[in-house]
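The structure appears below as structure tokens.
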Amino acid sequence: MTWDEMKQLQVNAYNHPADGSPCTMCHGRGWMLAPWDESRFFHVMVPCPLCGDKRQKDDAALKAGNAPRYGDYIDLTEWQRSLHLKACAFAQHPEGVFYIGGQTATGKSHLCSKIYYHLVGNGSSGLSYQPWKAFARRSSKDWQLIEMVKGCNILWLDGFLDVVSSRGTPTATDLDRALEVIDARCSSGKITIVSSCWTPQRLEDIAPPIASRIQQASGNGQYFLAVPDGRENRWKRPA
């Protein structure tokens with residue numbers, strides 16, 4: 001067997017495994033093995049020309065736990081620019097808790113998504129996206145879910161302690177569960193991203209222990225943020 005034949009044999013064995021896949025080029029790997037040449041004495045991995053881009057996007061989505069992903073955040077007003085800068089600063093140097101609360105349709109989840117996917121794109125592992133209402137319902141019967149959320153490296157709690165009625169408040173059970181999760185994560189220094197309908201001031205009213213832990217873990221309030229009140233401040237692109 002010649003040297004070139006041996007190189008091609010190794011390439012074929014990787015690119016065409018016995019089990020196969022719908023992709024005729026990479027057989028589901030998303031990457032292909034290319035042979036070395038005289039100037040490069042090792043094999044090199046290259047994206048599959050047919051499905052490589054889609055596979056990498058699918059892998060990123062799976063890694064992110066199917067968290068929602070939005071386009072870029074367009075800051076049209078001073079308060080939007082201020083929140084945007086805060087979110088970008090936290091994404092660059094994540095530590096403790098980033099909390100943003102207030103009325104709906106103001107881009108809270110949008111900013112949290114930007115932080116979350118920045119961390120995904122920079123190789124972070126152990127991420128979990130948890131919509132609060134779904135988490136509260138599932139965790140009542142699944143203690144392992146609670147332990148996972150308390151211990152994962154990066155957690156995004158979306159709609160934290162949100163309630164159906166604007167006049168209502170979270171149940172005692174929800175408050176106990178929220179305190180358990182927040183306290184565990186703050187005590188261990190885990191990165192936590194939170195979007196909520198409750199401003200820091202209102203959270204202090206309904207759940208002082210939770211607000212206190214978040215305030216301390218957010219750089220003593222540096223990332224404990226609220227969107228302004230008022231329907232004119234809703235997150236809308238101008239017509």
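The values are calculated or read from the model by the stated rules, or taken from the named source; none is laboratory data. Just so it is clear, the structure is predicted and the values come from calculations on it, not from any experiment. We place every Cβ from the backbone using ideal geometry, glycine too, and count neighbours over all the protein chains shown. Each accessible area value is taken on the protein alone, full model and side chains, heavy atoms only, with ligands, DNA and RNA left out. Shrake-Rupley method; radii C 1.70, N 1.55, O 1.52, S 1.80 Å.
Quick notes
- When the stretch 75-107 is limited to residues that are among the acidic types (Asp, Glu) and assigned to a loop (DSSP other than H, G, I, E, B), the one that is surrounded by the most Cβ atoms within 10 Å (Cβ to Cβ) turns out to be 75.
- Only one entry of 172, 207 meets the criterion of being more than 24 Å from residue 68 (Cα to Cα), in contact (Cβ under 8 Å) with a residue 12 or more places away in the chain and not hydroxyl-bearing (Ser, Thr, Tyr), and that entry is 207.
- One residue stands out among those in the stretch 130-181 that are acidic (Asp, Glu) and assigned to a helix (DSSP H, G or I): the one that is least open to solvent (accessible area, probe 1.4 Å), which is 174.
- Single unsatisfied condition, residue 225 versus (1) over 23 Å from residue 126 (Cα atoms); (2) part of a helix (DSSP H, G or I); (3) within 21 Å of the chain's Cα centre (by Cα): (2)
- Any chance residue 50 is over 23 Å from residue 150 (Cβ atoms), modelled with pLDDT of 95 or more and hydrophobic (A, V, I, L, M, F, W, C): no
- Checking each residue in the stretch 108-118 for being open to solvent by less than 10 Å² (accessible area, probe 1.4 Å) and not hydroxyl-bearing (Ser, Thr, Tyr) picks out 111, 112, 115.
- Scanning the stretch 106-133 for residues that are of a type in the set (S, T, N, Q) and within 12 Å of residue 92 (Cα to Cα) gives a single hit, 122.
- Within the stretch 136-151, residues that are of a type in the set (S, T, N, Q) have Cβ atoms under 6 Å from residues that are at pLDDT 90 or above and not in a loop (DSSP other than H, G, I, E, B) in these pairs: 139/145; 139/146, counting only partners at least 6 apart in sequence or on another chain.
- Residue 202 falls short on exactly one of the conditions (1) open to solvent by less than 60 Å² (accessible area, probe 1.4 Å); (2) in contact (Cβ under 8 Å) with a residue 60 or more places away in the chain, and that condition is (1).
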